[in-house]
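Worksheet: one structure, shown below.
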Amino acid sequence: MTKKIDIDWGLCESNGVCMGINPDIFELGDDDMLTVHQEVVTPEIESDVREAVRQCPRQAISIVE
């Protein structure tokens, strides 16, 4: 089963905590909008994504299967 990053856009405040964990996955643009560059959670990035899930102050990030 493929795991994917899911953002609850109603909760996301673009605090940038996730970008601080891995800016190759999460990026805040000049307009303060979050972009997810890689939605599929591969083994190489799973640890960073799980850390972003844990640290998101609004709990807006999750992993779905």
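A few notes on this one:
- Screening the candidates ILE21, ILE25 for the property of being in contact with a strand residue (DSSP E or B) (Cβ under 9 Å, 6 or more places away or on another chain) and at pLDDT 95 or above yields one hit, ILE25.
- Of the residues VAL53, VAL36, VAL64, VAL41, the single one that is in contact with a helix residue (DSSP H, G or I) (Cβ under 8 Å, 6 or more places away or on another chain), at pLDDT 95 or above and β-branched (Val, Ile, Thr) is VAL41.
Residue-by-condition table, conditions (1) touching a residue at least 12 places away in the same chain (Cβ under 8 Å); (2) surrounded by fewer than 16 Cβ atoms within 10 Å (Cβ to Cβ):
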position	(1), (2)
CYS18	yes, no
ILE21	yes, no
PHE26	yes, no
ASP31	no, yes
HIS37	yes, yes
GLU46	yes, yes
GLN55	yes, yes
GLN59	yes, yes
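- Positions within region 12-34 being within 9 Å of ILE61 (Cβ to Cβ) and part of a loop (DSSP other than H, G, I, E, B), in sequence order: CYS12
The values are calculated or read from the model by the stated rules, or taken from the named source; none is laboratory data. All values derive from a computational prediction rather than experimental measurement. Virtual Cβ from ideal backbone geometry, glycine too; neighbours counted across all protein chains shown.
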